[in-house]
Amino acid sequence: MKTLTVVMLLAWGGMLIGNARCLGADAPSRETLGRQVKLRILVDKVMQPEEGWTTQEWMVKETAGAGFNVLSPRRGYENLDEVRQVAEWCRKYGIYYMPWMRGSLSAPDGPQADGKRLVRASGKEQALYSPNADEFWEWTQRYILEYARISARNRNLMGVFLDYENYAPGKAGDCYDLSYDEIILGKFAKARSIALPRLEPARRKVWLDELGLHEEFRTFQINHWRERCRALRRAVDAIDPTFQLCIYPAPGTPFVVEACYPEWSSKRAPIILADPWVYGRPSRFMPQREALEENRRKLLRGREVPEKAGIPFIYVGGVDPVVTGADPEFSGKNAVMLSDTAHGYWVFYEGPTYTKQDHRDYWKWFTWANNAIAAANLKAWHEPRQTPGDSPLAALRSEAGQLRAVEPATHGVKVEIPAVRLRGENRMVLSCKAGTPVEVVLGNHPVSETLSLLVWELYSPTLAKIAGGTIPARQAGAVRFTPKSDGIYILGTSAGRCAYSVTSANIPIGLFTGDGVSLIHEARRLYFHVPAGVREFTVVGRGGGGETVRVNVFDPRGNRAATGQTTLQQSRIEVTVPVGADGGKRWSVEVTRADAGTLEDSRIWLDPKLPPILSLVQEHAFQRSGH
């Protein structure tokens, strides 16, 4: 047996070496990636945490083994020794490498950055260096030119993945729209030979508008960006003219579209544009086929921007498992569809845990997708669904059939609901009576300068769609219908990056926690039922990045029974709550500020032992039938 094991291990090792040699020898050249060969990019946030957020050789090997042809580890861009080492490992396993680098540079408090920070049109100053500041360009150029030098020596480092999402506290929009900082205003005034008065940030755009100079200022600033971008591209070309810059998110902001597009792209090094707007299902309620078709339309619309710009470009659609509705099979099929429609795909691989089944499930479907793409089987996304539960509504359907309101029915009685702000996609359950008209009033609340429609979809107890509609930003609207049968109806809601709320309802209404209730800011109290016989339960809270959250759980008498908070290092917390003699009663949970970080986006889950419903008012609490 021992001899057989050794022989098998040697054979397996030889096979891996052979595959690695084959990959190394036969891997497509850089010039074919995104042209003749579809890009298959892994941005890793699942393997790196296993090694303290560093990249190790086994991660490169697994990435290549799953059929990805480009690796972009989420962290490590500033460690140039690690960058060189990862590039060597990628050469060994026959894949390519792009360091992932934030495109924005944090600006410190104090005089060092005064006048140099990003200033929005509203006058809001953000803790980022302006794209007009020397510090921003010197930092950007320092790393990119070093990557280009490594690329010139090792062709498996093909470029840099630049992240222009806005991560600053109080973020408003992606990076960058026009900035009204002192640097660019001073340069503009000097170029126009006009006196620049001392202006508070909120008065700067107004001043330009009053003088009829805003459009000229806009052109001046964009030309300034273009000069800076052009200088960087020339410096890169002097080292490696095939070095590519990949930009996320695409299609992009004015900085990206009007400066980076024309100046950072060339025939030898087409700009790579990473579209994040097709991460998952356009609506969590859409079945797979309809969702993939809609994503295809969205991707084609996104491609129109660089097509109209007339530049050489490579367009790749994004996949993200953490997005609701992006289950493993859907994500694999989405990857093939995106590659069929554009020049490949990229996956922002976050959410799964490497040691758990969810990673194995996603890895299986990404490997399936990569094999299909490599074999030019680009219509594989049309294949029938294999995994049960095509629509994310399916998990709720069986649960909804067991739910009932805890209190005596309040159907037809309007209840004003305390302000709880929701964000992202949420599902609500409505306890309805046949023939009793229903009215649920929703409000759409902008976040910073972001405006989005609030979209809602209504489904019957059998998951038949009844109606749908939209509510503009800063407005309220009502969902009205008359149920044809008793039962639990489902209301799906989403307002993109905006917030929204339920302001009143005349039926019991609750938030489904099966895949997390998505909130923004505080939620003073949300109510839930603990069945008799449950000895303890957990409530899970999640923040992310610099956004943290505290979860307080209260017993039926209003006493705090347990608490927990996320930190800047730990984005997820499980709060364990002993029940004691309070089973069979109504409890509550509060979402509030943690000791450190910013309270903004959070997500809350209830233990599967509990009915998966958080109610906005006490009178609307739900329990499972028979409890």
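The values are calculated or read from the model by the stated rules, or taken from the named source; none is laboratory data. From a predicted model like this one, the values you see are computed outputs, not experimental measurements. Cβ atoms come from the backbone with ideal geometry, glycine included; neighbour counts cover every protein chain shown. Remember, those area values only see protein heavy atoms, side chains included, never the ligands or the DNA or RNA. Shrake-Rupley method; radii C 1.70, N 1.55, O 1.52, S 1.80 Å.
Could you sort 363-375, 605-617 so that the peptide with the highest average Cβ count within 10 Å comes first and the rest follow in order?
Descending packing order for the listed peptides: 605-617, 363-375.
For the range 245-295 and the range 484-509, write down the distance between their C-alpha centroids in whole Å.
31
Listed highest first by mean packing, meaning other Cβ atoms within 10 Å per residue, what order do 159-166, 232-239 come in?
159-166, 232-239
Stokes-Einstein D for the range 448-551 at 37 °C, 0.692 mPa s, Kirkwood Rh over Cα pairs, in µm²/s?
Rounded, D is 198 µm²/s.
For the range 327-395, what does the convex hull of the Cα positions come to per residue, in cubic angstrom?
98
Just to confirm, what accessible area per residue do you get for the chain at 1.4 Å probe, in whole Å²?
It amounts to 41 Å² per residue over the chain.
Once the cut-off is 14 Å, how many percent of the Cα-Cα pairs in the range 561-613 end up in the long-distance tail?
Cα-Cα pairs of the range 561-613 separated by over 14 Å account for 60 percent.
Specify the angular offset, from 0 to 90 degrees and rounded to the nearest 10, of the alpha carbon long axis of helix 328-341 from the longest principal axis of the alpha carbons in the chain.
40
Considering only protein heavy atoms and a probe of 1.4 Å, how much of the accessible area of the range 105-169 is carbon and sulfur, as a whole percent?
47
In a Debye calculation with equal point scatterers on the alpha-carbon sites of the range 462-506 and no solvent, what is log10 I(q)/I(0) at q = 0.16, 0.19, 0.21 Å⁻¹?
Each listed q maps to, in turn, -0.55, -0.75, -0.89.
Arrange the peptides 267-273, 316-322, 52-58, 121-127 so that the one whose residues have, on average, the most other Cβ atoms within 10 Å appears first.
Final packing ranking: 316-322, 267-273, 121-127, 52-58.
Taking the chain as the reference, fit the longest principal axis to its C-alpha atoms, fit the long axis of helix 182-192 to the helix C-alpha atoms, and give the angle between the two in degrees, 0 to 90, nearest 10.
50
Could you check what % of the DSSP bridge pairs in the chain are antiparallel, to the nearest 5?
The antiparallel fraction comes to roughly 70 percent.
Please compute one quarter of the surface area of the Cα convex hull for the chain and express it in square nanometres.
32.5
Looking at this model, which pairs from 379/465; 433/585; 45/364; 116/205 are more than 20 angstrom apart at the alpha-carbon?
379/465; 433/585
In percent, what relative contact order does the chain have, based on Cα pairs under 8 Å that are 6 or more apart in sequence?
Relative contact order for the chain comes out at 10 percent.
Taking a quarter of the surface of the convex hull around the Cα atoms of the range 198-301, what do you get in nm²?
Mean shadow area of the hull around the Cα atoms is 10.4 nm².
Treat each spin label as a single point 7 Å out from the Cα along the C-beta direction, and report the residue 385 to residue 206 distance in nm.
5.4
What percent of all Cα-Cα pairs in the range 287-374 falls in each 10 Å bin, counting up from 0?
It works out to 17, 47, 27, 8, 1, in whole percents.
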